[in-house]
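Structure first, then comments.
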Amino acid sequence: MSLNADQLYALLPAVYRTRDQDAGAPLQAFMTVLAGQLSLIDDNLQQLYADEFIETCASWVIPYIGDLVGSNGIYQIDSAAYGSRAEVANTIGYRRRKGTLLALEQIAMDVSGMPAYGVEEFRHLITTESMRLVRPHHNTTVDLRNIEQLCRRGTAFDTLNRTIDVRRIAPRNYPPVSPDPTALDIVLHGGGKSNIPDLAMYLWRWQPFLLQNAPGLRIDARRCMCSPLGQDLPLFNTRAQRVSFERLTTRYDVSQPIGRREFARHMEKFYSAADNVSFTVNGNALSARTSIQVLLDGVPLDVSQICCQDLSDRNPGSWGGTPPFKVGIDPELGRVQLGNGIPVPDEIRITYCYGFGAAIGGGPYDRSAALSPLMSAQPGFYAAVDSGAALAAAVATWNTQPAGTPGLIVLENVNAFSCDLTGANAILLPAASQLWIAAAQVSSANADVPIYNSSLAVLRGNIEINGQPASGGNSGNCHVNGVWLSGQLSVTGEASNVFLCDATLVPGIALAPDGQATGPGEPSLIITAPAATVTLQRVITGPVASTLGATVRICNSIVDAGSPCAMAYAGTDMASAGADLHIEEATVIGKVHVHTLTLASNTLFYARLMRVDAWPAALWCTRRQSGCVRFCSLPTPAITPQTYKCLPDTASDAAALGSQFITLEYGRPSYAMLSGDVPVCVMTGADDGTEIGAYHLTQEWQAIRNVQIRLGEYLPFALEAGIFLVPSAAEPVARIVDYGYGARKNIGPICDDGGGDDMQIAGIGVGLL
């Protein structure tokens, strides 16, 4: 440790210090400067020592240490839990276990940040039994009595045995073409899987999000939905805790939907009255956070009171019957029912885990990075609310604050309530004022320090933000964070700056139990203030209606009109040109009519015209002389400013280079996620070589490429590997089962161009239409 200025000055002889003080202490001032430089040298020496170890070295040193152990470079995954540091640190461990399934799984997880599960397919081949290697549990035929094994058929954990498939599991070789129309699945693996040299590596794309003590949406006194939006929601399991090279991946190390039979047979592995569950799988002791928990008036129920039920709709207004003195849970639909004998509580709260592809659209993930300016600010107005009435009172008090006041309204913990903040109850935004409305965890011990994690606020109703006249050009700012709004958000009045971050404006206003929108095509965001500036960051929203003069900026977000033929972005009449738009790394489902497209980058526009349409193009920019469109997937036809490296290059390539999704139904775990049928040029078409669209931030393609790079190095001799994504296949379009004449779901505008993906008609003779 270097000496400070006083210690250095004390080392001088007293005679010089006396003369220095008589002369005005110039030597003491010099010692202060010298001590500062010595401190920098000392810090540099300590960092040089730290740079000798992979655990403490600076980021720029990682590739140099990797080179010393022969670890070649890979893509850096910013959003992954593991990075190149962990991969280099474990290189020696990989080499010691080279060729083993344990090493292959571990390295796949380290370089991708995704849960990985490897399957040696040759272990599931049906072969002639050898007396030298007797396999008594290796069945040639399917055991129809083993229902749990049959439920896993076709999944990553399928244990059924198969005859040999001589096709290769490795990706096929094909001549490079730019842009490449080859399907993503073909690039990741071949058509075969059950062969002697085959190893299948499964990577999970879903991310688990745990909601603790979330209020259930009451249907009646004894029934409630887990989802606060009221739609059927598959429940996921949390991941078991593990350390490097501890064990092979099990079903409980990955997060995926819980099946009814799985929940009924292994309830103790998913449900617990405590915060954690402990169990044993294949001789390994596993521990995880509880995936499901039901609390009646704040008291968690014991697992002995829980049963698994099929709570599908039976007769109108009724579900399947739950046994007396039991609480039935349907994990596939996310429904809870109290049996007779259970006292009706005043409040039902549920801890559950849901799955989604990325941390966008609001949720119980950590939002501290986006709220760092708020955490360092000192608000002049503060209110913590947990009900609709408290929110209305807080807004009314805020509206009386003078201009220039910084304010914070905290929506406590995980709550859902109704609100009507329009008209006389609207949020006023005076000049130079700054209001934050954010969901946060608030503890009774430290109520003045909210924590922006594990929190979510669900608001049912409409909200209006009214900008007041600005003085000196300083308009008011309003930040909304960590909110799901089942309603409409309006920006009215004079100049204002509205920032929506990590929030959801439910597409279609609200959801029915079957997941369909109750107001398809209705705008979720309405901007009538001509001088307003609205920014959307990691937001899921329905259509945006904006007036000319306003400015809209959309980043890492999904704008969903419910149909590629509906209007996703337009003027307030949803027909004329909308406000100037700046959009980056977003997915837009529906047609766009904008006055000026100042910049569109890494954005996926999924839209098309109807057979008889008044618009000349699905993406229509009125002013083409300014603006830029780069690295985007565009509909055909599109009227845009100058384009650069966009898809498709020509109209003839539009069909081959079109985007493919797993599902476009909001509320599903794979919502707006690219499927395995998507052309690889869409998956790699962004400016940094990753996918176009809102999931650009996940860096999924770089993660997959890292696994491909490393598997070849650590595979046993003569083995081949293929990568399988979970999920990958497109979900079938839901169809009604009512056989009435001409019955149809209320899904909004229908694309009548023959595409067929929006047609939801069922009935006798429907095939003749």
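The values are calculated or read from the model by the stated rules, or taken from the named source; none is laboratory data. None of the values given here were measured: they were computed from a predicted structure. We place every Cβ from the backbone using ideal geometry, glycine too, and count neighbours over all the protein chains shown. These area figures cover heavy atoms from the full protein model, side chains too; ligands, DNA and RNA do not enter into them. Shrake-Rupley method; radii C 1.70, N 1.55, O 1.52, S 1.80 Å.
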Selection count, region 355-400, where residues are open to solvent by less than 50 Å² (accessible area, probe 1.4 Å), in a loop (DSSP other than H, G, I, E, B) and closer than 30 Å to residue 332 by Cα: 11
Look through region 644-663, keep the residues that are in contact with a Leu (Cβ under 7 Å, 6 or more places away or on another chain) and assigned to a loop (DSSP other than H, G, I, E, B), and return whichever of them is most open to solvent (accessible area, probe 1.4 Å). 660
Quickly run through region 664-680 and pick out the residues that are farther than 20 Å from residue 556 by Cβ and surrounded by fewer than 22 Cβ atoms within 10 Å (Cβ to Cβ). 675, 676, 677, 680
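To keep it simple, each residue is scored yes or no on (1) acidic (Asp, Glu); (2) in contact with a His (Cβ under 9 Å, 6 or more places away or on another chain); (3) under 19 Å from residue 232 (Cβ atoms).
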{"residue": "295", "(1), (2), (3)": "no, no, no"}
{"residue": "305", "(1), (2), (3)": "no, no, no"}
{"residue": "310", "(1), (2), (3)": "yes, no, yes"}
{"residue": "315", "(1), (2), (3)": "no, no, yes"}
{"residue": "322", "(1), (2), (3)": "no, no, yes"}
{"residue": "325", "(1), (2), (3)": "no, no, no"}
{"residue": "329", "(1), (2), (3)": "no, no, yes"}
{"residue": "339", "(1), (2), (3)": "no, no, no"}
Taking interchain pairs and intrachain pairs at least six residues apart, which have beta carbon atoms under 6 angstrom, with the first residue in region 644-665 and under 15 Å from residue 685 (Cα atoms) and the second open to solvent by 50 Å² or more (accessible area, probe 1.4 Å)? 644/630; 654/636; 656/181; 657/181; 660/677
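This table checks each residue for (1) open to solvent by 50 Å² or more (accessible area, probe 1.4 Å); (2) of a type in the set (Asp, Glu); (3) in contact with a His (Cβ under 6 Å, 6 or more places away or on another chain).
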{"position": "151", "(1), (2), (3)": "yes, no, no"}
{"position": "158", "(1), (2), (3)": "no, yes, no"}
{"position": "167", "(1), (2), (3)": "yes, no, no"}
{"position": "173", "(1), (2), (3)": "yes, no, no"}
{"position": "185", "(1), (2), (3)": "no, yes, no"}
{"position": "192", "(1), (2), (3)": "no, no, no"}
Which pairs have Cβ atoms under 9 Å, sit 6 or more apart or on different chains, and link a residue in region 399-419 that is closer than 20 Å to residue 433 by Cα to one that is hydroxyl-bearing (Ser, Thr, Tyr) and open to solvent by 40 Å² or more (accessible area, probe 1.4 Å)? 403/471; 407/382; 408/382; 409/382; 410/382
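If you check residue 705 against the conditions, is it basic (Lys, Arg), modelled with pLDDT under 90 and buried (at least 18 other Cβ atoms within 10 Å of the Cβ)?
Numbers: basic (Lys, Arg): yes; modelled with pLDDT under 90: no; buried (at least 18 other Cβ atoms within 10 Å of the Cβ): yes.
No.
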Scanning region 551-561 for residues that are in contact with a Pro (Cβ under 9 Å, 6 or more places away or on another chain) and either touching a residue at least 60 places away in the same chain (Cβ under 8 Å) or surrounded by fewer than 24 Cβ atoms within 10 Å (Cβ to Cβ) (or both) gives 558, 560, 561
Of the listed residues (243, 277), the one being part of a loop (DSSP other than H, G, I, E, B) and either among the acidic types (Asp, Glu) or at pLDDT below 95 (or both) is 243
Applying the selection to region 240-278, what residues are open to solvent by 20 Å² or more (accessible area, probe 1.4 Å), over 26 Å from residue 147 (Cβ atoms) and either among the aliphatic types (A, V, I, L, M) or out of contact with any Lys or Arg (no Cβ under 9 Å at 6 or more places or on another chain) (or both)? 242, 243, 244, 246, 273, 274, 278
Condition first: among the small types (Gly, Ala, Ser) and within 60 Å of the chain's Cα centre (by Cα). Now tell me which residues in region 1-37 satisfy that. 2, 5, 10, 29, 35, 36
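Could you say which residue among 590, 627 is within 22 Å of residue 536 (Cα to Cα) and either surrounded by fewer than 23 Cβ atoms within 10 Å (Cβ to Cβ) or among the basic types (Lys, Arg) (or both)? First the steps, then the outcome.
Details: 590 fails: either surrounded by fewer than 23 Cβ atoms within 10 Å (Cβ to Cβ) or among the basic types (Lys, Arg) (or both).
Going through 590, 627 in turn, the sole match is 627.
Here is a list: 39, 84. Which entry is open to solvent by less than 80 Å² (accessible area, probe 1.4 Å), over 29 Å from residue 253 (Cβ atoms) and of a type in the set (Ser, Thr, Tyr)?
Selected residue: 39, the only one of 39, 84 that is open to solvent by less than 80 Å² (accessible area, probe 1.4 Å), over 29 Å from residue 253 (Cβ atoms) and of a type in the set (Ser, Thr, Tyr).
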Selection from region 101-124 of residues that are open to solvent by 10 Å² or more (accessible area, probe 1.4 Å) and under 20 Å from the mean Cα position of the chain (by Cα): 109, 113, 114, 115
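How about region 130-141: which of its residues are exposed (fewer than 14 other Cβ atoms within 10 Å of the Cβ) and under 23 Å from residue 199 (Cβ atoms)?
Here is the first cut: in region 130-141, the ones exposed (fewer than 14 other Cβ atoms within 10 Å of the Cβ) are 130-137, 140-141.
Within region 130-141, 130, 133, 135, 137, 140 qualify.
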Checking 635, 641 in turn, the sole residue that is outside any strand (DSSP E or B), in contact with a Phe, Trp or Tyr (Cβ under 7 Å, 6 or more places away or on another chain) and either within 15 Å of residue 597 (Cβ to Cβ) or open to solvent by 50 Å² or more (accessible area, probe 1.4 Å) (or both) turns out to be 635
Please specify each residue of region 64-74 satisfying the condition of being among the β-branched types (Val, Ile, Thr) and either surrounded by fewer than 16 Cβ atoms within 10 Å (Cβ to Cβ) or farther than 19 Å from residue 94 by Cβ (or both). 69
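In the set 469, 530, which member is touching an Asp or Glu at 6+ places or on another chain (Cβ under 7 Å), on the phi < 0 side of the Ramachandran plot, open to solvent by 20 Å² or more (accessible area, probe 1.4 Å) and free of Cβ contacts under 8 Å to residues at least 40 places away in the same chain? Write out each step before concluding.
Values: 530 fails: touching an Asp or Glu at 6+ places or on another chain (Cβ under 7 Å).
Only one candidate passes the filter, namely 469.
Residues are listed down the side, and each one gets a yes or a no for (1) loosely packed, with under 12 Cβ neighbours inside 10 Å; (2) closer than 30 Å to residue 695 by Cα:
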residue: 28; (1), (2): no, no
residue: 45; (1), (2): yes, no
residue: 58; (1), (2): yes, yes
residue: 62; (1), (2): no, yes
residue: 76; (1), (2): no, yes
residue: 96; (1), (2): yes, no
Hey, could you check region 401-459 for residues that are touching an Asp or Glu at 6+ places or on another chain (Cβ under 6 Å) and in a loop (DSSP other than H, G, I, E, B) and say which is modelled with the lowest pLDDT? 442
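So, of the residues in region 1-37 that are in a loop (DSSP other than H, G, I, E, B) and closer than 30 Å to residue 49 by Cβ, which turns out to be modelled with the lowest pLDDT?
Here is the first cut: in region 1-37, the residues in a loop (DSSP other than H, G, I, E, B) are 1-4, 11-13, 23-25.
With closer than 30 Å to residue 49 by Cβ added as a condition, the list becomes 1-4, 11.
On the way: 1: 54, 2: 68, 3: 76, 4: 81, 11: 83.
For region 1-37, the residue satisfying everything is 1.
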In this structure, is residue 500 more than 24 Å from residue 397 (Cα to Cα), open to solvent by less than 50 Å² (accessible area, probe 1.4 Å), assigned to a strand (DSSP E or B) and hydrophobic (A, V, I, L, M, F, W, C)? no
Quick check on region 648-663: of everything there that is under 21 Å from residue 593 (Cβ atoms) and aliphatic (A, V, I, L, M), which residue is nearest to the chain's Cα centre (by Cα)? 654
For region 122-176, which residues satisfy the criterion of being over 30 Å from residue 712 (Cα atoms) and assigned to a helix (DSSP H, G or I)? 147, 148, 149, 150, 151
